1. Please pick out the residue among 198, 240 that is within 23 Å of residue 122 (Cα to Cα), of a type outside the set (Phe, Trp, Tyr), surrounded by 16 or more Cβ atoms within 10 Å (Cβ to Cβ) and in contact (Cβ under 8 Å) with a residue 60 or more places away in the chain.
2. Working carefully through the options 217, 223, find the one that is at pLDDT 95 or above and part of a helix (DSSP H, G or I).
3. What number of residues in the stretch 162-175 are farther than 13 Å from residue 196 by Cβ and either among the aromatic types (Phe, Trp, Tyr) or crowded, with 22+ Cβ neighbours inside 10 Å (or both)?
4. Here are the criteria: (1) of a type in the set (S, T, N, Q); (2) part of a loop (DSSP other than H, G, I, E, B); (3) closer than 21 Å to residue 16 by Cα. Tell me which single one residue 149 does not satisfy.
5. Is it the case that some residue within the stretch 254-276 is among the basic types (Lys, Arg) and either touching a residue at least 24 places away in the same chain (Cβ under 8 Å) or touching a Pro at 6+ places or on another chain (Cβ under 7 Å) (or both)?
6. Looking at (1) part of a loop (DSSP other than H, G, I, E, B); (2) among the hydrophobic types (A, V, I, L, M, F, W, C); (3) more than 15 Å from the ligand (Cβ to nearest atom); (4) under 22 Å from the mean Cα position of the chain (by Cα), which one does residue 173 not meet, given that it meets all the others?
7. Are any of the residues in the stretch 176-184 within 23 Å of residue 95 (Cα to Cα) and either outside the structural domain of residue 109 (by TED's automatic domain parsing) or over 25 Å from the mean Cα position of the chain (by Cα) (or both)?
8. Testing residue 204 on (1) away from the ligand (no atom under 16 Å from the Cβ); (2) over 30 Å from residue 254 (Cβ atoms); (3) small (Gly, Ala, Ser), one condition comes back false. Which one is that?
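The values are calculated or read from the model by the stated rules, or taken from the named source; none is laboratory data. Predicted model, so just to flag it, every value in this text is computed and none were measured. Cβ: placed from backbone, ideal geometry, glycine included. Neighbour counts: every protein chain shown.
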Amino acid sequence: MLLATPRGYCAGVDRAVDAVEKALELYGEPVYVRKEIVHNKFVVETLTRRGAVFVEDTDEVPEGARVVFSAHGVSPAVQARAAARNLATIDATCPLVTKVHKEAVRFANTDYDILLIGHDGHEEVEGTHGEAPDHIQVVNGPHEVDQVQVRDPERVVWLSQTTLSVDETMETVKLLRERFPKLQDPPSDDICYATQNRQVSVKALSPDADVVIVVGSANSSNSVRLVEVALEAGAGAAHRVDTAAELDPAWVEGAATVGLTSGASVPEILVRDVITRLGELGFGDVEEVRTATEDIMFSLPKNLRADLKSAGEQTARPRRGGRRGVDVTAG
Ligand code: SF4
C-alpha cells in the first residue's frame with residue numbers, strides 16, 4: 001500500500017472543528033452551526049452527538065442564540081441576516097477563504113470584472129460571489145469559457161475556489177486568457193496549500209497504483225478532486241469512500257499495489273480504519289509517499305479566543321502533528 005502524505009486535515013478544517021468543540025465546552029449546548037462545519041459526514045455526526053445543531057441557514061437559529069459559520073465562509077448578506085436577529089456569531093471561515101473574499105472586494109472596488117473559477121452552488125463560491133455579486137461571474141470550468149462576457153477586456157481578473165484541481169483550473173485560465181489577453185492573475189494562489197499538497201502527493205503515487213482509494217465525503221470538493229487527479233495521473237482506478245465499510249473488496253481484487261489518501265476534511269481515524277481493512281485484504285505492507293511537510297496552524301476565531309481567555313481557558317492550540325483528527329473521535 002502506498003500511503004500519501006500530506007493527506008487529511010488541513011489547518012482550516014482543524015481550526016473550524018476546534019472552534020465548535022471549544023464553543024460547546026465554553027458556552028454549553030446547543031451551539032448552532034450554519035451548514036456543515038466541514039464537508040465530512042463523520043465529523044458532522046460526531047459534533048451533533050456532542051450538542052452541535054447544524055442548520056441550513058440563520059433563520060433556523062433562535063433569536064439571540066449562538067451560531068458558528070462554517071470553514072467555507074459566508075457572504076455579507078448572511079452576516080447581515082445574523083446581525084438583524086441578534087445572533088452571537090463565531091466565524092470559522094478559513095483564513096485562506098477570507099483572503100479570496102478580500103481579493104474579490106478589492107478588485108470589485110476598482111471596477112474589475114471578476115471571473116470566479118469554481119463550482120456553482122458550492123458554499124464557498126456562494127460566499128465569495130456574495131461579496132460583489134455585480135462584479136463576479138462564476139466559471140465552472142473550461143467548458144464555460146466561451147459563454148463569458150465582460151464589460152471591459154482590459155479590466156478582468158480571475159480568482160478561484162480554494163479546493164479545485166490545479167491542472168483543470170490552469171486549463172480554464174489558459175482558455176480565458178486566449179479570449180482576454182489582459183486577464184490578470186490573483187495576487188497569490190487561491191487554490192490553497194492543502195489542496196495543492198494533497199494533489200501533489202496523490203499524483204506521485206498514482207502511476208504505481210492499480211487502484212487509489214480516497215477517503216472523503218461526496219460533497220467534499222477537494223476529496224472528489226483527488227479521485228480525478230489520481231485517474232489523470234495514471235492510477236488504474238480510483239474510488240472515494242466515506243468510511244472503511246464502503247470499501248468494496250472487488251475493487252482491489254487482483255491489484256498488486258493500492259494507493260491511499262484522504263481529503264482535507266477527513267480525520268485520520270477514518271484513514272486508519274481503511275488501512276486496517278486493506279491490511280485484511282492483503283495490503284499490509286505500507287509505504288509512505290511523502291511529498292511535503294505541513295506545519296501551518298491557524299488561531300481560533302478572535303471573539304471565541306477572547307471569551308476563552310476571560311473564562312481562564314487555554315487559547316493556544318496543540319500542533320497538528322500530534323492531534324490529527326483526534327478531537328472529533330474522542331467523544
Ligand atoms: S482546504 Fe484550504 S481553504 Fe479549505 S479549509 Fe482547508 S486550508 Fe482552508
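1. Values: 240 fails: in contact (Cβ under 8 Å) with a residue 60 or more places away in the chain.
Being within 23 Å of residue 122 (Cα to Cα), of a type outside the set (Phe, Trp, Tyr), surrounded by 16 or more Cβ atoms within 10 Å (Cβ to Cβ) and in contact (Cβ under 8 Å) with a residue 60 or more places away in the chain holds for just one of 198, 240, which is 198.
2. Values: 217 fails: part of a helix (DSSP H, G or I).
223 is the lone residue from the list that is at pLDDT 95 or above and part of a helix (DSSP H, G or I).
3. 1
4. (3)
5. no
6. The one condition residue 173 does not meet is (1).
7. yes
8. (2)
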